[in-house]
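See below for the structure under consideration.
The values are calculated or read from the model by the stated rules, or taken from the named source; none is laboratory data. Quick caveat: nothing in here was measured; it's all calculated off a predicted structure. Note that we place each Cβ from the backbone using ideal geometry, even for glycine, and neighbour counts take in every protein chain shown.
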Amino acid sequence: MRFAELEHAEVAIWGYGREGRSVLAALRRRYSDKPLTLYCKPEEAGHARGLGDPNLRVLDTAPDADALAGYGLVIKSPGISAYRPEIMAARERGTRFTSGTALWFGENVSGKSGDARVVAVTGTKGKSTTTAMVAHAARSLGVRTALAGNIGLPLLDLDGQSAALWAIELSSFQTGEAGPLELGVVVSLGEDHLDWHGTRERYIADKLKLADVSRSLLVNAESPLMKQKTQGHPDRRTFNDALGWHVAEGAIMRAGEHMLELASLPLQGLHNAQNACAALAAIEWLGFDARVASRSLAGFKPLPHRLTSLGMRDGVEWIDDSISTTPDAALAALASLHGRSATLILGGHDRGLDWRAFSRSLKHSPPHAVVAQGAAGPRIARALREANVACPILESVDLAAAVGFAVDSVPAGGVVLLSPGAPSFDQFRDYAERGRAFANLAGFDGGTIGEITGLGIA
């Protein structure tokens, strides 16, 4: 969809987070006097009204089906599920829905020559790091590269700007909004966001909508499910296979050639080394010198709240992996410790994920102790006990209490690992706020934890 289609339509914006604000700004650059309605949360309404926009009606509530049906077009934020009953009812009555992501693609990518070159990355875990690595590697070769999308900078914040390459992260909420693009990358495929998608099957189908709009597709060779689901793609490539970019012999390899020792990669965990392989395979497919670019990853700055060591406190290392919002991500974080004695803090907002497979995995390599906290805590603790995981399993109402339990349980020389496997929304605005709170509770200065670097065009 293009902005021109909005000119004569009655338009509402639903959601006023980062994406909603970006959409409003982009609309006002084009149609300064167009009447608009904004639906937002009560705590967001003050900012919107403070804009002093006489043509913006601000309603601090969510619209119902009748309200939505009164608009020709609604631009909704990604976190609002496309499967909400009121949206589906309004669609049947003729209301069209779009997003900031769809509008950017409509303006910049049509599938014709001269379009923006886009590599779009998605995955249940690892998509932010992989997207940032693509941008870092391309920039190391002198390529003017944009880094944007779900990683923290809405695409419309770069409205009207140009780059030689666009490295874009897309969540499962956004993959269906993308237009035709040069290369899609799927780094992992598990289970997540069931509260948005409804079922695991629909989550996977929505995630793989990226394949439908990608001229070429790069997928993880170690995922049988991903390979099976994408086998019909006309130009599917793989990473993490022995003939291409993969991890072996303590190094990132290109076929049989050592390219970068894992000790030189400033990221913990095998999964992050595999993310680097995905980024380098993407760079190579795009026609850039990935062998040269691989050396630049030694200088990659890890994204915050992703297996970030906060430091030592009273002989204990504290590690912030607040970005972990799935059970698989928590398992990967624990594996990155290579058997060190750890107290693992799990839990947060309860999205109804099944923790039984996680618990069975933990039974074979249990940590020193587990603290299950927040809204999901009781269900996680129950699954661990039913699986007979052989370590102390503690329960706490919130993160503050969980840190207290962790201090009491972790042995000297051990690790306290926050890798919740669940979103933060039961207690915090987002994973970053949770990570900073964890740092403060552990006795560090959470205010010094920076934002993601490199966003925008460079």
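Here are a few things to note about the model shown:
- Cβ-Cβ contacts under 7 Å between residues 6 or more apart (or on different chains), taken from a first residue in the stretch 242-255 that is in the same structural domain as Ala290 (by TED's automatic domain parsing) to a second residue that is assigned to a loop (DSSP other than H, G, I, E, B) and exposed (fewer than 11 other Cβ atoms within 10 Å of the Cβ), are listed as Ala255/Leu243.
- Test set (1) outside any loop (DSSP other than H, G, I, E, B); (2) surrounded by fewer than 22 Cβ atoms within 10 Å (Cβ to Cβ) - Pro266 fails condition number: (1)
- Every condition in (1) under 21 Å from Thr326 (Cβ atoms); (2) crowded, with 18+ Cβ neighbours inside 10 Å is met by Arg356 except one, and the failing one is (2).
- Applying the criterion of being assigned to a loop (DSSP other than H, G, I, E, B) and touching a Ser or Thr at 6+ places or on another chain (Cβ under 6 Å) to the residues of the stretch 308-325, the residue that is nearest to Ala263 (Cα to Cα) is Asp321.
- Among the residues making up the stretch 273-307, a single one is among the charged types (D, E, K, R), surrounded by 20 or more Cβ atoms within 10 Å (Cβ to Cβ) and assigned to a loop (DSSP other than H, G, I, E, B): Arg306.
- Within the stretch 394-429, tally of residues that are closer than 22 Å to Gly339 by Cβ, of a type in the set (Gly, Ala, Ser) and surrounded by 22 or more Cβ atoms within 10 Å (Cβ to Cβ): 3
- Residue satisfying condition, being on the phi > 0 side of the Ramachandran plot and within 23 Å of the chain's Cα centre (by Cα), within set His246, His197, His193: His193
- Restricting the first member to the stretch 391-418 and to residues that are closer than 21 Å to Leu331 by Cβ, and the second to residues that are of a type in the set (Asp, Glu) and surrounded by 16 or more Cβ atoms within 10 Å (Cβ to Cβ), the beta-carbon pairs closer than 7 Å and six or more apart or on different chains are Val415/Glu317; Leu417/Asp321; Leu418/Asp320; Leu418/Asp321.
- Of the residues in the stretch 414-430, not one is more than 26 Å from Asp350 (Cα to Cα), among the aromatic types (Phe, Trp, Tyr) and in the same structural domain as Gly348 (by TED's automatic domain parsing).
- The lone criterion from (1) touching a Lys or Arg at 6+ places or on another chain (Cβ under 6 Å); (2) farther than 30 Å from Gly152 by Cβ; (3) of a type in the set (Val, Ile, Thr) left unmet by Ile323 is number (2).
- The residues of the stretch 185-201 that are within 17 Å of Gln228 (Cβ to Cβ) and not aliphatic (A, V, I, L, M), listed by number, are Ser188, Gly190, Glu191, Arg200, Glu201.
- Filtering the stretch 2-30 to residues that are surrounded by fewer than 16 Cβ atoms within 10 Å (Cβ to Cβ), within 15 Å of Asn55 (Cβ to Cβ) and in contact with a helix residue (DSSP H, G or I) (Cβ under 9 Å, 6 or more places away or on another chain) leaves Glu7, Ala25, Arg30.
Residue by residue, here is whether (1) over 24 Å from Asn150 (Cα atoms); (2) modelled with pLDDT of 95 or more; (3) over 30 Å from the mean Cα position of the chain (by Cα); (4) hydroxyl-bearing (Ser, Thr, Tyr) holds:
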| position | (1), (2), (3), (4) |
| --- | --- |
| Phe3 | no, yes, no, no |
| Ile13 | no, yes, no, no |
| Gly17 | no, no, no, no |
| Val23 | no, yes, no, no |
| Arg28 | no, yes, no, no |
| Pro35 | yes, yes, yes, no |
| Glu44 | no, no, no, no |
| Gly50 | yes, yes, yes, no |
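- Condition met for Arg57 (assigned by TED's automatic domain parsing to the domain that holds Ile87, free of Cβ contacts under 8 Å to residues at least 60 places away in the same chain and of a type in the set (Lys, Arg)): yes
- Evaluation of Asp157 against the conditions (1) of a type outside the set (A, V, I, L, M); (2) part of a strand (DSSP E or B); (3) farther than 25 Å from His197 by Cβ shows that the sole unmet condition is (2).
- Of the strands (runs of 3 or more DSSP E) lying entirely inside the stretch 66-137, those containing at least 2 residues that are surrounded by 24 or more Cβ atoms within 10 Å (Cβ to Cβ) are 73-76, 118-122.
- The listed residue being β-branched (Val, Ile, Thr), in contact with a Leu (Cβ under 7 Å, 6 or more places away or on another chain) and within 25 Å of Gly447 (Cβ to Cβ), out of Ile319, Ile323: Ile319
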